[in-house]
Amino acid sequence: QVHLVESGGGLVQPGGSLRLSCEASGSFFSIWFMAWYRQAPGQQRELVAQITEDGTINYAEAVKGRFTASRNTAKHTLFLQMDDLKPDDTAVYYCNMKAGARDAWGQGTQVTVSS
């Protein structure tokens, strides 16, 4: 079982920054995939950033140059630094990790960008 806990969401003004964290706990051998997704009201969940086992990071076009994903492999933790936030970034952000055949999701953290 892999249990994910996210933190760091909140309310921020346009142009502001937030840093999300996602920590994995439980019994697993190794995590080979980590990602952040988001879901805005009335819309489908979309991929924001992903980190593969070899450390390759890919971003959605909408967040390139503004968001930075990183990880602490030893601590099984995933981060998302979000800068120059825009109202369109408002969504519930979810972390996702794959460990072996297990596919785990966090509970989601709300990010609201509004003046």
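The values are calculated or read from the model by the stated rules, or taken from the named source; none is laboratory data. Nothing here was measured: the structure is a model prediction, and the numbers come from that model. FYI the Cβ positions are ideal-geometry reconstructions off the backbone, even for glycines, and counts take in every protein chain you see. Heavy atoms of the whole protein, side chains included, go into the accessibility calculation; ligands, DNA and RNA do not. Shrake-Rupley method; radii C 1.70, N 1.55, O 1.52, S 1.80 Å.
Structural remarks
- Segment 1-21, residues that are touching a Lys or Arg at 6+ places or on another chain (Cβ under 7 Å) and open to solvent by 60 Å² or more (accessible area, probe 1.4 Å): 14
- Taken over segment 50-80, the residue count meeting the criterion of being open to solvent by less than 50 Å² (accessible area, probe 1.4 Å) and in contact with a Ser or Thr (Cβ under 7 Å, 6 or more places away or on another chain) is 2.
- Qualifying position, being within 14 Å of residue 5 (Cα to Cα), buried (at least 17 other Cβ atoms within 10 Å of the Cβ), at pLDDT below 95 and not polar (S, T, N, Q), among 24, 99: 24
- When residues of segment 31-49 are limited to those that are open to solvent by 40 Å² or more (accessible area, probe 1.4 Å) and of a type outside the set (D, E, K, R), the one farthest from residue 79 (Cα to Cα): 42
- Any hit, segment 82-93, residues being at pLDDT below 95 and either closer than 17 Å to residue 112 by Cα or open to solvent by 20 Å² or more (accessible area, probe 1.4 Å) (or both): no
- Residue 109 falls short on exactly one of the conditions (1) touching a residue at least 40 places away in the same chain (Cβ under 8 Å); (2) β-branched (Val, Ile, Thr); (3) open to solvent by 30 Å² or more (accessible area, probe 1.4 Å), and that condition is (3).
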